[in-house]
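No lab work stands behind these numbers, since they all come straight from the coordinates. Not measured: the values here are computed from a predicted model. Heads up, the Cβs are rebuilt from the backbone with ideal geometry, glycines too, and the neighbour counts pull from every protein chain shown.
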Amino acid sequence: MTAPAHNRRDVAVGLTPYAPGVEGKALAAPERWLTYYAVSPNRAVAALCHRLGRLPSGLAAVEAPDCAAAILGRVEGEREAVPLALVAFGLTVTEINLALDALRLGLTRKEAA
C-alpha cells in the first residue's frame, strides 16, 4: 500500500559524526547527507533507521535548534543518548516519533507471529 500523494514529501537529513560510517568525514561530505524524495513519514524514518543500522526502539526524536528535529540514540562510550542525525526539513518531531512507534509496533507483531 502506498501513502496518499498529499502525505508524501521530500526529507533532508544530515548525519552527525556519531552516525556509523561518517566518523571523521567533513560536514560537506556527501556520505553525511541523505535526501528522500516523495516519501511518507513512515518510509523516510524506516530508511533512516536502516541507514543508521538501528532498530526503532533505540531511537527517539527531539526538538533541536536550527533544524526540524534531532534523532537521538545511544553509542558505545557515551553515557547519554547523542544526536545521530539532524532532520533539516520534511518531518516534524511528532511525525518522526509516530513513525518510530509504528515501526516498533510492526516489529512487535512480527516477533509475536
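What the table shows:
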| read-out | value |
| --- | --- |
| Of residues in segment 49-95 being part of a helix (DSSP H, G or I) and not polar (S, T, N, Q), the one surrounded by the fewest Cβ atoms within 10 Å (Cβ to Cβ) | HIS50 |
| All positions within segment 7-32 that are among the hydrophobic types (A, V, I, L, M, F, W, C) and surrounded by fewer than 16 Cβ atoms within 10 Å (Cβ to Cβ) | ALA26, LEU27, ALA28, ALA29 |
